[in-house]
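A short worksheet on the structure shown next.
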Amino acid sequence: MKTEKYRWIVSLVEGAVMVALAIVLDLIPFPEWPQGGSITVSMVPIVYYSYRHGWKWGLLAGTVNAAVQIITGWSAPPAGTFVSFVLCALLDYLIAFAVIGIADIFAKPFKKHRIAGYAVGAFVVSMIRYLSSFLSGWILWDAYAPEGMPAWLYSLTYNGSYMIPNAILTAVLVTLICLAVDPATLRPMKKRK
């Protein structure tokens, strides 16, 4: 009973550690794309944390991660209007990074096939992040599209060139980690009967 009373402290501390780990992993030097974005494994800790503590705690950790990303890596959009700054903060940071924490929502339907659920959850939130980046690129960063290329197509291909590999990489790594260490028990994964 006593451990249940302090469970929120454990969740809070683990969340802080996972956000810190996500930030550190984001610093690993992978090739950076010219207008931002790169292949990274920084989503893995937040996704795993979501599986460990649920989507509400995951969303909180993802939002904190988004705030740190804004503080450490803000890129102002070409159009310097108030609306473009707000949309940039929402699409490039808040939604893009906070959504990573809701992976547990997409994994839950796979109760009998938890490992598949973990892979699906990681992939789906990565693709939602891709959608957010795509919308931002189309709406805010259209000035970077090559002449004669529609802004939506440029955004789709540019953001897809790093977000699709990120989605696959995150899904594979999260699955391997969950196979090794069950998020629910922090012990090796056992098959449910």
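The values are calculated or read from the model by the stated rules, or taken from the named source; none is laboratory data. Worth saying up front: this structure is predicted, and the values here are computed from it rather than measured. Every residue, glycine as well, gets a Cβ built from its backbone with ideal geometry; the counts of neighbours run over all protein chains shown. The area values use the complete protein model at the heavy-atom level, side chains included, leaving out ligands, DNA and RNA. Shrake-Rupley method; radii C 1.70, N 1.55, O 1.52, S 1.80 Å.
Phi angles of the stretch 162-169 translate, via the Karplus equation with coefficients 6.51, -1.76, 1.60 and θ = phi - 60°, into HN-Hα couplings of 10, 6, 5, x, 4, 4, 5, 4 Hz per residue; Gly and Pro are given as x. Residues considered: Ala16, Ala61, Ala79. Largest GNM mean-square fluctuation over the chain, using C-alpha springs under 10 Å, is found at Ala79. Expressed as a whole percent, the accessible area of the chain that falls on carbon and sulfur atoms is 72 (1.4 Å probe).
Here the 3J(HN,Hα) profile of the stretch 100-115, calculated from phi with Karplus coefficients 6.51, -1.76 and 1.60 at θ = phi - 60°, is 4, x, 9, 3, 4, 4, 7, 8, 4, x, 9, 4, 7, 10, 4, 4 Hz, Gly and Pro shown as x. Taking all protein chains into account, the per residue accessible area for the chain stands at 55 Å² (1.4 Å probe). Projecting the Cα atoms of Val181, Ile105, Trp74 onto the charge dipole of the chain, computed from C-beta unit charges around the Cα centre, puts Val181 farthest toward the positive end. Comparing Gly54, Gly137, Gly36 in a Gaussian network model of the chain, where Cα atoms under 10 Å apart are tied by springs, the biggest mean-square fluctuation is seen for Gly36.
Shape of the stretch 30-80 from its Cα gyration tensor (a ≥ b ≥ c, root eigenvalues): rounded if a/c is under 1.5, otherwise prolate when a/b > b/c, or oblate? Oblate, because a/c is 1.5 or more while a/b does not exceed b/c. Under a Gaussian network description of the chain, with springs only between Cα atoms under 10 Å, the residue in Tyr144, Tyr93, Tyr49 that fluctuates furthest is Tyr144. Go ahead and estimate [θ] at 222 nm for the chain from helices alone: -39,500 (n - 2.57) per DSSP H run with n ≥ 4, summed, over the residue count, rounded to 500. When only DSSP H runs of four or more count, the value is -21000 deg cm²/dmol. The 1.4 Å probe gives accessible areas that order Arg52, Arg129, largest first, as Arg52, Arg129.
Summing +1 for each Lys or Arg and -1 for each Asp or Glu among the other residues whose beta-carbon sits under 10 angstrom from that of Met43 gives 0. Just to verify a number: FRET efficiency for Lys111 and Ala89, C-beta to C-beta distance, R0 = 41 Å, to 0.05? Given R0 = 41 Å and the Cβ-Cβ separation, E is 0.65.
Within the full protein context, the accessible area of Lys108 is estimated at about 110 Å² for a probe radius of 1.4 Å. How many angstrom lie between the Cα centre of the stretch 115-193 and the Cα centre of the stretch 39-76? One Cα centre to the other: 13 Å.
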